[in-house]
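Quick note: the coordinates plus some simple rules give every number you see, no bench work behind them. Owing to the predicted nature of the structure, the values given are computational and were not obtained by experimental measurement. So basically every Cβ, Gly included, is an ideal-geometry build from the backbone, and we count neighbours across all protein chains shown.
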There are 2 protein chains.
Amino acid sequence: MATITKNKTEKLDQILKEAARLFRQKGFGGTSMRDLAAQLGMEAASMYYHIGSKDEILEKICFEVANNYLDHLEEIEIQETTHIDKLKELIRFHVRMMIVNGPEVSVTNHDWKYLTKEKLTTFKELRKLYETRLETLISAGIQAGELAAVNPQVALFTILSSLRWVEYWWKPQRSAWRYRFRRRPWKGTRHARNAHW
Amino acid sequence: MATITKNKTEKLDQILKEAARLFRQKGFGGTSMRDLAAQLGMEAASMYYHIGSKDEILEKICFEVANNYLDHLEEIEIQETTHIDKLKELIRFHVRMMIVNGPEVSVTNHDWKYLTKEKLTTFKELRKLYETRLETLISAGIQAGELAAVNPQVALFTILSSLRWVEYWWKPQRSAWRYRFRRRPWKGTRHARNAHW
DNA sequence: AAATCTACCTAACGTTTGTTAGAATTTTAC
DNA sequence: GTAAAATTCTAACAAACGTTAGGTAGATTT
């Protein structure tokens with residue numbers, strides 16, 4: 001091949017990006033290393049120069065996403081705004097994440113079950129931590145009188161769940177998505193990639 | 001074993017129930033036929049007297065759920081009530097389904113990707129059909145002046161998505177769940193089995 | 001020019017997978 | 001109590017899996 005040399009990190013990123021795309025499409029269990037390699041134009045064995053194992057790929061994807069969410073929550077927490085504004089910003093971030101890193105977020109949402117035993121435990125802890133702190137944020141908003149006195153946990157789950165539909169709804173457009181998104185908030189809607197009952 | 005004889009259908013149901021439980025827990029790809037058999041106290045090969053293939057198990061689960069939803073929607077459509085009451089009844093049914101058939105619904109929501117190519121196509125069509133008709137119902141409700149003039153598709157997705165949190169929230173209690181559910185709408189809440197970002 | 005390093009290759013490994021064939025056993029019917 | 005039918009077993013298959021070993025061609029360094 002006549003491709004110019006890319007450094008190890010770039011190739012690794014390529015592998016992770018394509019893996020996320022395939023995992024979303026066919027699931028972690030439904031995607032073989034040979035599938036992934038073929039999509040990258042190389043042999044399965046060659047990928048092991050860049051990665052340690054298939055499990056490691058999933059792990060990298062899931063923890064990257066998890067840490068993104070947690071880091072952003074931390075940023076929000078220290079901001080000196082109202083609780084409602086914090087929640088709004090958080091929701092905006094969720095939507096942005098799903099639009100910018102669609103495959104990775106989907107994989108994290110659906111295939112985390114396939115994480116190795118130890119990593120699975122850590123992952124669950126991270127997610128629990130996120131939820132706890134988000135719930136705390138909601139409670140604080142209620143206590144401050146900014147939010148109605150709903151059950152914080154129910155509110156938490158309803159917010160997170162209802163946010164999920166962006167994942168199914170959003171399909172990347174080649175360009176000017178911002179335009180379409182703004183001007184015709186729903187007329188540009190393509191039918192969803194996949195939805196639910 | 002001293003278990004009394006059950007007929008073929010009963011055993012098949014047992015297999016499907018346990019499969020749904022395992023698929024939810026470890027995913028379709030993460031559950032082997034030997035795992036499933038072990039859980040049922042038999043050998044993997046023995047299950048093939050009752051079933052045709054692993055794919056067929058998933059297929060049976062997914063289409064059973066899909067048809068349940070579609071059948072109920074059909075029932076609702078011919079009822080002579082307001083559109084709002086129809087929507088309410090539909091939402092109630094979704095919640096009921098997730099409480100009564102939790103594992104099956106979860107599997108249908110998460111592992112439908114692993115369906116065989118042809119069955120996958122059919123499944124997507126069924127789901128699309130469900131969504132279209134539900135969207136029609138919402139539109140009709142708007143036209144009748146019963147609902148605010150929101151974008152029907154956005155409403156559709158938001159409703160379905162936000163309903164999903166029951167799946168993560170609900171944990172079966174051995175008895176008297178109705179009591180707890182009614183009397184302390186959220187005090188009995190256990191932490192979720194697994195949630196999302 | 002030689003030596004080293006980078007990034008891939010081919011070949012193959014041991015496992016696990018879903019599944020089949022056929023024998024063995026249990027249950028039912030007469 | 002015996003024959004038939006229903007159900008599960010053992011044993012094994014071929015295919016696919018993730019992964020390792022060792023080699024090779026090209027680039028980079030010395």
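Assorted remarks:
- Cβ-based net charge around B:ARG133, under 10 Å, with every Lys or Arg adding one and every Asp or Glu removing one: -3
- Convex hull volume of the stretch B:1-131 per residue (C-alpha atoms, cubic angstrom): 125
- Couplings 3J(HN,Hα) of the stretch A:141-147, computed from phi: x, 5, 4, 6, x, 7, 10 Hz, in residue order, whole Hz [Karplus 6.51 cos²θ - 1.76 cosθ + 1.60, θ = phi - 60°; x for Gly and Pro].
- When the C-alpha to C-alpha distance is required to be over 28 Å, the pairs from A:LYS11/B:LYS128; A:LYS119/B:LYS117; B:LYS86/B:LYS124; A:LYS128/B:LYS54 that qualify are A:LYS11/B:LYS128; A:LYS119/B:LYS117; A:LYS128/B:LYS54.
- Sorted ascending by nearby beta carbons within 10 Å, beginning with the fewest, B:GLU75, B:GLU80 become B:GLU80, B:GLU75.
- Residues of type aspartates and glutamates that B:LYS60 reaches as a straight line, Cα spacing below 12 Å, ignoring anything fewer than 8 places off in the same chain: B:ASP13, B:GLU104
- Modelled label reach - A:HIS72, point 7 Å along Cα→Cβ, the stretch A:106-134 residues with backbone N closer than 18 Å: A:106-110, A:126-134
- Just so you know, the Rg over Rh for the stretch A:34-97 is 1.26, from Cα atoms, with Rh as the Kirkwood radius.
- For the axis carrying chain B to chain A: nearest C-beta residue of B, whole Å: B:GLY29, 1
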